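Q: Submitted below is the structure of interest, expressed as structure tokens.
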Amino acid sequence: MTLHLHDTATRTTAPFTPVCEGAVSLYVCGPTTQGAPHLGHLRTFLAFDVLVRWLERSGYAVTHVRNVTDIEDKILAKSAEADTSWWAWSLRFEREFQDVLDRIGNRRPTYEPRATGHVPEMIELMQRLIERGHAYADGEGSVYFDVASFADYGALTRQSLEDMQDAGEEMEPGKRDRRDFALWKAAKATEPETASWDTPFGRGRPGWHLECSAMSRKYLGETFDIHAGGLDLRFPHHENEQAQSRAAGYGFAQRWMHSGVLTVDGLKMGKSLDNFVTAARALADHPTPAVRLALVSGHYRATVEYNARAMAEAEVVWERFTQTARRAAELLAGHPLAAVDAPLAEVELPAAFVAAMDDDLAVPEALAVIHREQSALNTLLSEGWAEGPVAAGLGRLRAMLDVLGLDPLGARWAAAAGASGAEHAALDALVTTQLAAREQARAAKDWARADALRDALVAAGIRIEDGQGGARWTLETTH
């Protein structure tokens, strides 16, 4: 099976054929830097991080562009309330986004352009739309897209212009039709002068939709493969992007991919519902790789639920992946076939895993394959292991998890474990001493003492596994 991806525009899943053979051009709508990143942001960006990883694992050269909307109404309003320059406010949260995405293992995009750095491209696009009869300037500094001039407006979300009528909405001055949207917004006396730029139409600042069309064309060309983002962006943002780009005569995105929403305790996340979870809060409450696992384990188009039970399960699963990988790596240490540093891109993935990922990134089915491989590796480790099969099994387990950004022995998570491992090291020293005493009791056939030592450890939440290489311990985990 070749890679099949769902297209939101056509509502079909079909074989993926890139515009340029062997290369993929991807544009993902990035953050608006008005405030701290939250779990909904992580859900979206992680979904498309897995897409990038799978495309690259499939042999494609990926050009990934993710924009930063660094000027917008809410940025100006919130910075003014905080008595801070709008650009300083925006930069603060841009850095917060980057820090948290780095922390959770999100690969950085090829290019990460800011809206304010692409005003010339926006002016060029507006001029082209005006020349083609699809936009107009109001004479006061604003420019609007004329939705009635473009017959395919509404095609992405399958709406007609009649569906979009709202007789109760007051029309902005300068608009010809209340459904028209702003490409450029005239400067306001109440806003900082630094938040506006001179144009042939008057001084002002970018409209939200215009920036993505201008930047995607600059970095990916007039026609590119995939435009992605959260489901909540389909209308009006993505609908307007598509309309203005195609009205300008560009092919624009050939496929649309949208990630599903995130719910918290069964409800859509929102500050008014008192269930708003920032990324920083989630990562403070739970191991970072477990948060990543919880957010990528569902299908990217499905709703992902965040709650205490889901996170407890994710922590258990992550701990089991980690323990299996570490145990196998320890047994292989020093052997010629040791797989700890093997290049994972060269590992042949199980056919069932490949089939699942090629089926529109079916991560739940792919995880089922990972669990089967982990179980088989555990059996090898417990029932008498052979170097070759263990090395191969560990390589497959790591390579599959790496596609999800969750290789337990990879530099990111191994380093994170090492950074927080002082308590584990102290506990290991204590438990190892008890296990040595138990082994001495067993050697002396003092079974009562050996059992007592084991029972004391079990009562403390320590699980003991006796194997060919001696006794091993792990912390007991429960669902």
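The values are calculated or read from the model by the stated rules, or taken from the named source; none is laboratory data. In this text the structure is predicted, and so the values were computed from the model without any measurement. All Cβ positions, even for glycine, are placed from backbone atoms using ideal geometry, and neighbour counts span all protein chains on display.
Q: Can you name the condition, by its number, that VAL296 falls short on among (1) within 30 Å of GLU387 (Cα to Cα); (2) in contact with a helix residue (DSSP H, G or I) (Cβ under 6 Å, 6 or more places away or on another chain); (3) buried (at least 20 other Cβ atoms within 10 Å of the Cβ)?
A: (1)
Q: Would you mind telling me which numbered condition in (1) buried (at least 22 other Cβ atoms within 10 Å of the Cβ); (2) within 22 Å of THR8 (Cβ to Cβ); (3) in contact with a helix residue (DSSP H, G or I) (Cβ under 9 Å, 6 or more places away or on another chain) LEU220 fails?
A: Among (1) buried (at least 22 other Cβ atoms within 10 Å of the Cβ); (2) within 22 Å of THR8 (Cβ to Cβ); (3) in contact with a helix residue (DSSP H, G or I) (Cβ under 9 Å, 6 or more places away or on another chain), LEU220 violates only (3).
Q: Could you pull out the residue among GLU131, GLU96, GLU112 that is out of contact with any helix residue (DSSP H, G or I) (no Cβ under 9 Å at 6 or more places or on another chain) and at negative phi?
A: The unique qualifying residue is GLU131.
Q: Still on this structure: Considering only strands (runs of 3 or more DSSP E) fully contained in the stretch 1-105, which possess at least 1 residues that are of a type in the set (Gly, Ala, Ser)? Can you show your working first?
A: Values: elements: 4-7, 12-15, 23-28, 61-66.
Hits in the stretch 1-105: 12-15, 23-28, 61-66.
Q: Report yes if some residue within the stretch 232-254 is surrounded by fewer than 17 Cβ atoms within 10 Å (Cβ to Cβ), of a type in the set (A, V, I, L, M) and more than 15 Å from ALA302 (Cβ to Cβ); otherwise report no.
A: Checking the stretch 232-254: not a single residue is surrounded by fewer than 17 Cβ atoms within 10 Å (Cβ to Cβ), of a type in the set (A, V, I, L, M) and more than 15 Å from ALA302 (Cβ to Cβ).
Q: A further question on this structure: Mind checking which residues of the stretch 202-254 are among the polar types (S, T, N, Q) and part of a helix (DSSP H, G or I)?
A: Answer for the stretch 202-254, where residues must be among the polar types (S, T, N, Q) and part of a helix (DSSP H, G or I): SER213, SER216, ASN240, GLN242, GLN244, SER245.
Q: Quick one: which of PHE276, PHE252 is farther than 26 Å from ALA182 by Cβ and in contact with a helix residue (DSSP H, G or I) (Cβ under 9 Å, 6 or more places away or on another chain)?
A: PHE276
Q: Does ALA314 satisfy the condition of being touching a helix residue (DSSP H, G or I) at 6+ places or on another chain (Cβ under 8 Å), outside the structural domain of TYR27 (by TED's automatic domain parsing) and either touching a residue at least 24 places away in the same chain (Cβ under 8 Å) or over 27 Å from ARG107 (Cβ atoms) (or both)?
A: Answer is yes for this residue.
Q: For the stretch 250-298, name all the residues that are hydroxyl-bearing (Ser, Thr, Tyr) and under 30 Å from PRO18 (Cα atoms).
A: The answer is TYR250, SER259, SER297.
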